[in-house]
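Single-structure report; data block below.
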Amino acid sequence: MVGPADFKARERSDWCPGCGNFGILNALRAALVEMGLAPSDVVVVSGIGCSAKMPHFIRLGGFHTIHGRALPVATGIRLANPELPVIAITGDGDGLGIGGAHFIHTARRNVDVAHILHNNAVYGLTTGQIGPTAARGFKTKTTPRGSVEDPVNPVALALVSGATFVARAYVGDMAHTKEMFRRAIEHRGYALVDTLQPCVTFNKVNTYEWYQKRAYKLEDEGHDSTDLMAALARAQEWGDRIPLGVFYSVDRPILEDGMVGLKGGALVKRDITDVDITAALGEFD
Ligand code: SF4
């Protein structure tokens, strides 16, 4: 029987006390325990940023990649071993800035990856510049008079890019966040959880109290999560009311369904003892 202690990493977290990343870590661990998955059954892939330290702080198969590239690496892992649940971790800067194009293409290809987007509107690791989800007027050390840009809307972008599962969680509600993560991991296809995660050090606007006053649950208002236009309408809500929950969830073939090379089973399990790559290696002499 797997328990939370099985996912405890040897490395100690260096996140700031009170950071929303702790809520994501705890909710992810709880979701995996609930699903009965062992640490060796799952892989977590990250890019660069405070969020990207996740593979060090949870005991799972882990791959800490380079900035913005968590999703293509997750795609490669998934295609090599379609039997392995793959979780991609990005921040909003990592996943929507430098990794923005990968976000769109992973969604439209419907790669079977659960994507947990740590959304705090700042680049925390580099001490608090505006991130892609920062609101117009948001003040940081690089925008002392306030940002003059409008933010990316990750939920709307995922929906119009073809994502088959799009949800939002807020780390102040642990049980709900765990539920969103579990559903994303169980979903067959690309699954985004836009996870609202206060950066207590560099974002003094989007605090726990700020979200607490505004968040409401889509399921409490009869939202139909199979209706794309209804999902897009809800995705526009931000400010006085912020919807949490599943915006959209439908079935569609995943990338690997169309790949003839995968019909013989997982690549990592193929017998390659009679494969001779000497000639190919010769090209690098
Ligand atoms: Fe968390 Fe912000 Fe500290 Fe990074 S800088 S660990 S996001 S509170």
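The values are calculated or read from the model by the stated rules, or taken from the named source; none is laboratory data. Please read all numbers here as calculations on a predicted model, not as lab measurements. So basically every Cβ, Gly included, is an ideal-geometry build from the backbone, and we count neighbours across all protein chains shown.
Could you tell me which residue of segment 120-141 is farthest from Cys19 (Cα to Cα), considering only residues that are within 16 Å of the ligand (Cβ to nearest atom) and loosely packed, with under 13 Cβ neighbours inside 10 Å?
Lys141
From the residues in segment 102-134 that are without any contact (Cβ under 8 Å) to a residue 40 or more places away in the chain and polar (S, T, N, Q), which one is farthest from Thr65 (Cα to Cα)?
Among them, the one singled out is Gln129.
Given the criterion over 13 Å from the mean Cα position of the chain (by Cα), of a type in the set (Phe, Trp, Tyr) and under 23 Å from Ala215 (Cα atoms), identify the matching residue among Phe138, Phe165, Phe181.
Phe138
So Asp271 fits all but one of (1) assigned to a loop (DSSP other than H, G, I, E, B); (2) modelled with pLDDT of 95 or more; (3) more than 21 Å from the chain's Cα centre (by Cα); what number is the exception?
If we test Asp271 against (1) assigned to a loop (DSSP other than H, G, I, E, B); (2) modelled with pLDDT of 95 or more; (3) more than 21 Å from the chain's Cα centre (by Cα), just (2) comes out false.
(1) within 21 Å of His176 (Cβ to Cβ); (2) surrounded by fewer than 19 Cβ atoms within 10 Å (Cβ to Cβ): which one isn't true of Ala27, the others all being true?
All conditions are met except number (2).
Which count do you get for residues in segment 177-212 that are of a type outside the set (Ser, Thr, Tyr) and away from the ligand (no atom under 16 Å from the Cβ)?
So in segment 177-212, the residues of a type outside the set (Ser, Thr, Tyr) come out as 178-189, 191-194, 196-200, 202-206, 209-210, 212.
Then drop every residue that is not away from the ligand (no atom under 16 Å from the Cβ), which leaves 178-189, 191-193, 212.
Qualifying residue count, segment 177-212: 16.
Could you tell me whether Gly91 is without any contact (Cβ under 8 Å) to a residue 60 or more places away in the chain and within 16 Å of the ligand (Cβ to nearest atom)? Walk me through how you get there before you give the answer.
Numbers: without any contact (Cβ under 8 Å) to a residue 60 or more places away in the chain: yes; within 16 Å of the ligand (Cβ to nearest atom): yes.
Judged against the criteria, Gly91 is a match.
Is it true that some residue in segment 38-45 is surrounded by fewer than 16 Cβ atoms within 10 Å (Cβ to Cβ), under 21 Å from Gln129 (Cβ atoms), in contact (Cβ under 8 Å) with a residue 24 or more places away in the chain and more than 13 Å from the chain's Cα centre (by Cα)?
No, segment 38-45 has no match at all.
Taking only pairs six or more apart or across chains, which ones have beta-carbon atoms under 7 Å, a first residue in segment 9-22 that is over 18 Å from Tyr123 (Cβ atoms) and within 13 Å of the ligand (Cβ to nearest atom), and a second residue that is in a loop (DSSP other than H, G, I, E, B) and hydrophobic (A, V, I, L, M, F, W, C)?
Gly18/Val200; Phe22/Trp15
Need at least 2 residues that are under 20 Å from Val166 (Cβ atoms) and out of contact with any His (no Cβ under 9 Å at 6 or more places or on another chain) per element, so show me which helices (runs of 4 or more DSSP H) inside segment 1-114 make the cut, counting only ones lying wholly within it.
21-34, 100-109
For segment 160-176, does any single residue satisfy the condition of being within 16 Å of the ligand (Cβ to nearest atom), without any contact (Cβ under 8 Å) to a residue 40 or more places away in the chain and among the aliphatic types (A, V, I, L, M)?
No.
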